[in-house]
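Each remark here refers to the structure printed beneath this line.
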Amino acid sequence: MYRIVERRMIVPNLHELTVEAPVVAQAVQPGNFVILRADEVGERIPLSVADWDRKANTVTSIFVQVGASTARLARLKSGDTIPTYAGPLGKETQIGDFGTVLCIGGCYGIGSIYPIVRALKEAGNKVYTLIEARSSFLLYWQNRFEQVSDRVIAVTRDGTAGYKGHISRLDEILTLEKIRPDHIIVNGCTFLMRRASEITKPMGIKTIVSMNPIMIDGTGMCGVCRVTVGGKMKFACVDGPDFDGHEVDWDEFLQRRQTYNPEEVSPLRRSGCASHF
Amino acid sequence: MAKKIDYKRWPMPKQVPFERVKNFDEVALGYTEELARQEAARCLGCKKPLCVEGCPVGIDIPGFVGCIVEGRFAAGIKRIKEANALPAVCGRVCPQEDQCEKVCVLGKKGDPVSIGRLERFLADWEAASGRVETPAKAPPTGRKVAVVGAGPAGITVASDLALLGHEAVIYEALHEAGGVLTYGIPEFRLPKAIVNREVEYVRGLGVELRTDYIVGKTKTLDKLLEEFDAIFVGAGAGLPWFLDIPGEGLNGVYSANEYLTRCNLMKGFRFPEYDTPMKRPSRVAVIGGGNVAMDAARTSLRLGADEVHIVYRRSRKELPARLEEVENAEEEGVIFDFLTLPVRFIGDEHGWLKGMECLKMELGEPDDSGRRRPVPIEGSEFSMRIDATVCAIGNSPNPLIPITTPGLEVGRRGNIVADDETGRTSRAAVWAGGDVVTGAATVISAMGAARKAARDIHAHLSKEN
């Protein structure tokens, strides 16, 4: 059993989850993910890693509450225990001496891009962080990013923080900010990663995305996380999760991610609780 | 002492087909005491028993069968456990017809003794009696062995070494032990309660089990070597193979690994009581002809499918599945499309599978495997309407340890290279066995390889002392 150190909603619908998991905490690297189960009947849920503390033996993730399983995760309190917390899984993000790097995070990906930004900075890169959300109240960890980035840029749909609009303005924002990245890394929802990749492709800047397909075992066995990259079948759990965003077949990826959309929410409707729909 | 030879085996009671396709309970019900004694009495008790040679782990078969005849069931199960830590599992899933029962002298003129069913009977009898005996353990040697993977190979190595006095720790990547016995073989063929029982027995021998531990990721093999005197790698199956035809990214195209893991390990068939969802397709095509294909097809029926096909490119004679499983599938109403090769999956506008285009085949000259090679018949294209397909054409060995262990020799298919007789790999103090070495094979062959490795590990550790 693994002890929940803390679970709190940091912005509406996004939760920060810190779990005591000594062996994972010692081995985890930027870009890795873990697989956990909220209880004995729970799904194996993959979560990108957002931070860790090797001394305290803890690992932190940010997750979105979307369906029945994550709703259960969102009810965990500190001191609770969960039966499964396995990792670190996936290849770590390649941290090189790229020169100027732009890191883009949205949604839970603001959390998971954080250790990547930190490591890139430590490796001597000039690092710009761009965080994106619908509104300023959905942004988080800005002060953390300030400490490890050369500049932090916000983009909000309603313009309540930083640039107004969304990632489609990326090209223009880079011009206005006078940033010419040698390397781009994007973490977050499919739309963000896809749109960013589409914009950077004609610019010829290598763009790495962290894919988040459906998974079960996460250890290179079941094959559900297959993604077509450069026309070849790849498995996000062992070949990824990082892939070249210009090579990913995004239409197929989006369609495969939606396989269980009805099942994801149907148990909520059966809860008998009036507040659920 | 002329004994009348009985050439006909006693049938084992089974759930009737129209009932069993509606539930996930075990199909075969097992011999009663009376039936077991009658069946055991058919054994000729050969002086030079060929069946023992036919068993990959060398169980004293005439010995335990003789015990059944005399009604000494406790002595019988003890005899089996001297050589096999998983009798309830092996009695159910071993391909006995290709091993012990294949060489049974009775089989020359009639039916061989039902050795598997008798093994199963004793294991179930012991569990029901509630007095599970643990064999005597050798005094502690102080040597530590890490075992990677709690599947059939890992469990065998760990229990053998524990009995020899070594300290064994099993590291399992998933949240439950059992490997393919847990995630792969369905409940109706091997109830998970039985797997749990066998795992508990092995833990009772003093074997430590650590789940959620992915050797290669959580800790590398090299790091583990700093703590252990030897390591056995039984990491099992890896990524599934697909046909490499258009449309494999469509929703509704599954690998057998995914389909069965969803159902068995994650209990998707009990969704929404269990969180992991499982679709309930109505027309399913399972591609392949092995035991895994039969399992996937029969699982589909139990999930409520109206029509389930097994699509296989050769003929019935070449099916690699056990005959018993093929017959079970036929009885339950699975439709077999032999000499059929899928060439393309067809999707609807939302990316969901709606059909499959196939070619008819004919058998040509024998290929490397000795089986006649299927050759496409020109112009024989036809399409099938389906809403799910399960690819059960095999898988590669698990990639995690090979890619994270420098200096470990790996074969062409990503398999760890290990000596047939000893299980030794190219790295000192590292042994391997089971699917991670051979690619997809049987439970008992993994156990056989594990037994040999355990013997060699023991010899190695004893010599070092």
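The values are calculated or read from the model by the stated rules, or taken from the named source; none is laboratory data. Note that the structure is a prediction, hence the values are computed from the model and not measured. FYI the Cβ positions are ideal-geometry reconstructions off the backbone, even for glycines, and counts take in every protein chain you see.
The table that follows gives values for the structure above.
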quantity	calculated
Complete set of residues in segment B:346-382 that are under 28 Å from B:Asn257 (Cβ atoms) and either touching a Cys at 6+ places or on another chain (Cβ under 7 Å) or of a type in the set (A, V, I, L, M) (or both)	B:Ile346, B:Leu353, B:Met356, B:Leu359, B:Met361
Residue within segment A:74-82 that is in contact with an Asp or Glu (Cβ under 6 Å, 6 or more places away or on another chain), at pLDDT 95 or above and of a type in the set (Val, Ile, Thr) present	no
Count - residues of segment B:157-195 that are of a type outside the set (Gly, Ala, Ser), touching a residue at least 60 places away in the same chain (Cβ under 8 Å) and either in contact with a Lys or Arg (Cβ under 6 Å, 6 or more places away or on another chain) or more than 17 Å from B:Ala237 (Cα to Cα) (or both)	13
Within segment B:403-437, considering residues that are outside any loop (DSSP other than H, G, I, E, B) and surrounded by 24 or more Cβ atoms within 10 Å (Cβ to Cβ), the one farthest from the other protein chains (Cβ to nearest Cβ)	B:Trp431
Which numbered condition A:Gly87 misses (of (1) under 18 Å from the mean Cα position of the chain (by Cα); (2) away from chain B (no Cβ under 14 Å); (3) at pLDDT below 95)	(2)
Subset of segment A:138-187 that is closer than 17 Å to A:Pro115 by Cα and either out of contact with any strand residue (DSSP E or B) (no Cβ under 6 Å at 6 or more places or on another chain) or among the polar types (S, T, N, Q) (or both) - its residue that is surrounded by the most Cβ atoms within 10 Å (Cβ to Cβ)	A:Asn187
Residue list for segment B:278-302, restricted to those being within 14 Å of chain A (Cβ to nearest Cβ) and either surrounded by fewer than 24 Cβ atoms within 10 Å (Cβ to Cβ) or among the acidic types (Asp, Glu) (or both)	B:Met278, B:Lys279, B:Arg280, B:Pro281
Pairs with Cβ under 6 Å, 6+ apart, first in segment B:205-223 and more than 8 Å from chain A (Cβ to nearest Cβ), second assigned to a loop (DSSP other than H, G, I, E, B) and modelled with pLDDT under 95	B:Leu221/B:Thr405
Residue match in segment B:225-239 (condition: closer than 21 Å to B:Glu307 by Cα and at the interface with chain A (Cβ under 8 Å from one of its Cβ atoms))	no
Residue list for segment B:141-151, restricted to those being more than 22 Å from A:Thr84 (Cα to Cα) and in contact (Cβ under 8 Å) with a residue 60 or more places away in the chain	B:Thr141, B:Arg143, B:Lys144, B:Val145
Number of the condition not met by B:His166 [criteria: (1) of a type outside the set (Gly, Ala, Ser); (2) crowded, with 23+ Cβ neighbours inside 10 Å; (3) under 16 Å from B:Val93 (Cα atoms)]	(3)
Cβ-Cβ under 8 Å pairs, at least 6 apart or on other chains, segment B:365-385 side within 14 Å of B:Phe338 (Cβ to Cβ), far side exposed (fewer than 10 other Cβ atoms within 10 Å of the Cβ)	B:Arg372/B:Glu365
Matching residues in segment B:204-219 - criterion: being more than 23 Å from B:Thr261 (Cβ to Cβ) and buried (at least 17 other Cβ atoms within 10 Å of the Cβ)	B:Leu205, B:Gly206, B:Val207, B:Lys219
Qualifying residue in segment B:345-363 (condition: within 14 Å of chain A (Cβ to nearest Cβ) and basic (Lys, Arg))	yes
From the options A:Ile205, A:Ile199, A:Ile214, residue that is within 16 Å of the chain's Cα centre (by Cα) and either facing chain B (nearest Cβ under 10 Å) or among the hydrophobic types (A, V, I, L, M, F, W, C) (or both)	A:Ile214
Those residues of segment B:56-72 which are part of a loop (DSSP other than H, G, I, E, B) and either polar (S, T, N, Q) or closer than 13 Å to B:Pro87 by Cβ (or both), in sequence order	B:Val57, B:Ile59, B:Asp60
Those residues of segment B:17-34 which are in contact (Cβ under 8 Å) with a residue 60 or more places away in the chain and more than 16 Å from B:Glu126 (Cα to Cα), in sequence order	B:Pro17, B:Arg20, B:Val21, B:Lys22, B:Asn23, B:Phe24, B:Asp25, B:Glu26, B:Val27, B:Ala28
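Condition check ((1) part of a loop (DSSP other than H, G, I, E, B); (2) surrounded by fewer than 22 Cβ atoms within 10 Å (Cβ to Cβ); (3) hydrophobic (A, V, I, L, M, F, W, C); (4) more than 22 Å from the chain's Cα centre (by Cα)) across all residues:
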{"site": "B:Glu349", "(1), (2), (3), (4)": "yes, yes, no, yes"}
{"site": "B:Leu353", "(1), (2), (3), (4)": "no, no, yes, yes"}
{"site": "B:Asp368", "(1), (2), (3), (4)": "yes, yes, no, yes"}
{"site": "B:Gly379", "(1), (2), (3), (4)": "yes, yes, no, yes"}
{"site": "B:Val390", "(1), (2), (3), (4)": "no, no, yes, no"}
{"site": "B:Ile393", "(1), (2), (3), (4)": "yes, yes, yes, no"}
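Residues are listed down the side, and each one gets a yes or a no for (1) within 30 Å of B:Leu303 (Cβ to Cβ); (2) free of Cβ contacts under 8 Å to residues at least 24 places away in the same chain; (3) assigned to a helix (DSSP H, G or I):
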{"site": "B:Glu39", "(1), (2), (3)": "no, no, yes"}
{"site": "B:Ala83", "(1), (2), (3)": "no, no, no"}
{"site": "B:Cys90", "(1), (2), (3)": "yes, no, yes"}
{"site": "B:Gly110", "(1), (2), (3)": "no, no, no"}
{"site": "B:Val132", "(1), (2), (3)": "no, no, no"}
